[in-house]
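Below is one structure, written out as structure tokens, with a few remarks after it.
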Amino acid sequence: MGGDCNYIMVESKVEYEAVIGLEVHVQVKTRSKMFTTARAGFGHEPNHLTDPVIIGLPGVLPVMNKEAIDKTIATGLMFNCTIAEVCKWDRKNYFYPDSAKNYQISQYDQPICIGGEIEIELPGSARNIMGGHRSVGLTRIHLEEDVGKLNHFASDSLVDFNRAGTPLMEIVSEPDLFNSDEVFAYLTALRQAIVGAGISDCDMEKGQLRCDANISVRPVGSETLGTKVELKNLNSISGVRNGVDYEIRRQTAATRRGEVIVQETRRWDADTGVTTSMRTKEMAHDYRYFPDPDLMPVMVDKAWRESIRVRLPEMPFDRQRRLMKVYDLPYTITSVLVVDRELAEFFEEAVGDETVRARAIGKWVTNDLLREMAEASVSLSEIKIEAGQLSDLVGLVEEGVVSSSQAREVFSEAFATGDSPEAIIERRGMKQSTDTGELEVWCREAMAARQESVEAFRSGNEKALNALKGPVMKASRGKANPRMVDEILRRLLAE
């Protein structure tokens, strides 16, 4: 088998390729639910976030949540969708314990966002951010209400309606992905953009992002899609990748044996590493869609669209390209910064007008700052050190006031206390000595005490210089400026 898991090799010839489309459900972050003022949230006691609308009592009427509509329009604009001038609400009818009303309010033939695309970064393109990217087409983004959740126990299954009614975007891609690496790249790009815009936290463990994959295989070179199988229960990014890989292998092997692929819904079992059949795939007519009689269509005019467009944040890949160009940052730094919009903004605030310090500040942010945050288990909004203080610390290192190792101690204390680097350095007596007369005395003493190192250096052994630097740093109690010590020793040794 080939390296991508979506090819079967027979006599060094590729027989089949996979074609994959994704349906990604994203909970929109709002205070209340989609069609009622009931609170939205996670982690509450079961069935505490409900009201008569959620549980479908007779006589209640839904009322639309404008914030959820705004954020869905924003998502569509970020992904270059066409925003429908008129969209409407439909009832998707089915009988299941997770829906108290026996229908779900959704959008069928007139969704709010049509078409669009998501830029993804292909595996192996780290060396060249301007290449290795492509767009994955979108079919639509529609807005609906989430349903409840079934909790299964040894002898019972209980339903929790806390999640029911939460605004839910369904982002449907074209069959435009061809292996699990591209699926991973797609979900990563989608999540970074949506989280960065404050539309959702996209926490898969909390059910805020859920993914179904439609997978088929076909002979290489064919333009006709094979019979698709929908894969559910993909509860993590690794689960998506592993489940897609397995299903591609299963369908390819079955096709090679001459078996007919059945259109069905299958469940990924992460424990056993296999997919199992759940049911034959429903078609749209099975849900008996019809317009919701209690909700009017929504008209989105140009003024509404543009009022949202002007508030959109910079897209992650656009920000990455700009950071690399403006600040001459390497990919390794920018790829970390753009994962978190607030982190990138902290970096740019720290740089300010001191663009020559950008690379050094980038290293401090992506290494030291993130390390301290992880150890303290705090978010960026909770830290005490300010962006300007980090910039000041980098400047003090460049000026030789403190060494790099001393600066890390200063940074840790500034992170914990919020005190300025200057105050910490003064309080701890860490300021390096730049008195050339004093440094020269210590250098001459080191040379007199280690003549063998002096001769070794003069004979061409560069490493012998370190044997002279050590005594100087010891004599100065670590306060000697290492760069100046190096310069003075080399000048004296050349005499």
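The values are calculated or read from the model by the stated rules, or taken from the named source; none is laboratory data. The shown structure was predicted, so the numbers you read here are calculated from the model rather than taken from an experiment. When we count neighbours, we look across all protein chains shown, and the Cβ atoms used for this are built from the backbone with ideal geometry, even at glycine.
Just checking, does the range 185-205 include any residue being part of a strand (DSSP E or B) and touching a Ser or Thr at 6+ places or on another chain (Cβ under 6 Å)? If you could, list the steps in order and put the result at the bottom.
Step one: list which residues in the range 185-205 are part of a strand (DSSP E or B), which gives none.
No, the conditions are met nowhere in the range 185-205.
What residue, among those in the range 97-111 that are in a loop (DSSP other than H, G, I, E, B) and of a type in the set (S, T, N, Q), is farthest from V159 (Cα to Cα)?
Step one: list which residues in the range 97-111 are in a loop (DSSP other than H, G, I, E, B), which gives 97-102, 107-111.
Those still in the list that are of a type in the set (S, T, N, Q) too: 99, 102, 107, 110.
Numbers: S99: 9, N102: 14, Q107: 25, Q110: 31 Å.
The residue in question is Q110.
Can you tell me how many residues in the range 377-423 are of a type in the set (A, V, I, L, M, F, W, C) and under 15 Å from K479 (Cα atoms)? Spell out how you get there, then give the answer.
Initial filter on the range 377-423 (of a type in the set (A, V, I, L, M, F, W, C)): 378, 380, 383, 385, 387, 390, 393-394, 396-397, 401-402, 407, 410-411, 414-416, 423.
Checking the rest, the ones that are also under 15 Å from K479 (Cα atoms) come to 396-397, 401-402, 407, 410.
Number satisfying all stated conditions: 6.
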Boolean, V401 is crowded, with 19+ Cβ neighbours inside 10 Å and part of a loop (DSSP other than H, G, I, E, B): yes
Practice task
For the range 334-346, state whether one or more residues are of a type in the set (K, R) and over 25 Å from I424 (Cβ atoms).
Solution key: yes
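In this structure, does Q406 turn out to be buried (at least 17 other Cβ atoms within 10 Å of the Cβ), in the same structural domain as N367 (by TED's automatic domain parsing) and more than 24 Å from D340 (Cβ to Cβ)?
Values: buried (at least 17 other Cβ atoms within 10 Å of the Cβ): yes; in the same structural domain as N367 (by TED's automatic domain parsing): yes; more than 24 Å from D340 (Cβ to Cβ): yes.
Taking the combined requirement at face value, the residue satisfies it.
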**Message:** Take the conditions assigned by TED's automatic domain parsing to the domain that holds C113 and either surrounded by fewer than 19 Cβ atoms within 10 Å (Cβ to Cβ) or at negative phi (or both) and apply them to A303. Does it pass?
**Reply:** yes
The residue that is surrounded by the most Cβ atoms within 10 Å (Cβ to Cβ), considering only those in the range 13-56 that are of a type in the set (K, R) and modelled with pLDDT of 95 or more, is K33
Just one listed residue, out of L312, L370, is closer than 21 Å to E409 by Cβ, surrounded by fewer than 17 Cβ atoms within 10 Å (Cβ to Cβ), within 23 Å of the chain's Cα centre (by Cα) and modelled with pLDDT of 95 or more, and it is L370
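Tell me, which strands (runs of 3 or more DSSP E) lie completely within the range 128-182 with 1 or more residues that are in contact with a Cys (Cβ under 7 Å, 6 or more places away or on another chain), of a type outside the set (A, V, I, L, M, F, W, C) and at pLDDT 95 or above? So that I can check it myself, show each step before the final result.
Working: elements: 133-145, 149-152, 157-160, 167-173.
In the range 128-182, 133-145 are the strands (runs of 3 or more DSSP E) which contain 1 or more residues that are in contact with a Cys (Cβ under 7 Å, 6 or more places away or on another chain), of a type outside the set (A, V, I, L, M, F, W, C) and at pLDDT 95 or above.
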Notebook entry, point to check: Is there a residue in the range 461-471 that is at pLDDT 85 or above and either within 25 Å of T366 (Cβ to Cβ) or touching a Pro at 6+ places or on another chain (Cβ under 6 Å) (or both)?
Noted result: no
Of the residues in the range 64-82, those that are over 15 Å from A40 (Cα atoms), in a loop (DSSP other than H, G, I, E, B) and either among the hydrophobic types (A, V, I, L, M, F, W, C) or in contact with a Phe, Trp or Tyr (Cβ under 8 Å, 6 or more places away or on another chain) (or both) number 2
Flagged in the range 61-106 as closer than 30 Å to R134 by Cβ and among the small types (G, A, S), in numbering order, are A74, G76, A84
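For the range 346-359, which positions are surrounded by fewer than 20 Cβ atoms within 10 Å (Cβ to Cβ) and in a helix (DSSP H, G or I)? Don't jump to the end; show me each part of the working.
Initial filter on the range 346-359 (surrounded by fewer than 20 Cβ atoms within 10 Å (Cβ to Cβ)): 348-349, 352-356, 359.
Matches in the range 346-359: E348, E349, T355, V356, R359.
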Residue hits (the range 147-186; of a type in the set (A, V, I, L, M, F, W, C), under 30 Å from V53 (Cβ atoms) and touching a helix residue (DSSP H, G or I) at 6+ places or on another chain (Cβ under 6 Å)) are M169
Of the residues in the range 328-345, those that are closer than 19 Å to G196 by Cβ and assigned to a helix (DSSP H, G or I) number 11
Of those in the range 457-493 that are small (G, A, S) and surrounded by fewer than 17 Cβ atoms within 10 Å (Cβ to Cβ), the residue nearest to Q406 (Cα to Cα) is G478
Taking the range 57-95 and the residues there that are more than 23 Å from the chain's Cα centre (by Cα) and of a type in the set (K, R), the one that is surrounded by the fewest Cβ atoms within 10 Å (Cβ to Cβ) would be K66
Reported set for the range 231-244 where residues are within 22 Å of the chain's Cα centre (by Cα), buried (at least 19 other Cβ atoms within 10 Å of the Cβ) and touching a residue at least 40 places away in the same chain (Cβ under 8 Å) is V240, V244
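Which is closer than 30 Å to A164 by Cβ and of a type in the set (A, V, I, L, M), of V244, V217?
Working: V217 fails: closer than 30 Å to A164 by Cβ.
Residue meeting the stated conditions: V244.
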Log entry, pairs with first residue in the range 291-306 being over 11 Å from C87 (Cα atoms), second being assigned to a helix (DSSP H, G or I), beta carbons closer than 8 Å, six or more apart or on different chains, reads W304/I73; R305/I73; R305/L77
Going through (1) assigned by TED's automatic domain parsing to the domain that holds V356; (2) of a type outside the set (V, I, T); (3) assigned to a helix (DSSP H, G or I); (4) surrounded by 15 or more Cβ atoms within 10 Å (Cβ to Cβ) one by one, D419 fails only at (3)
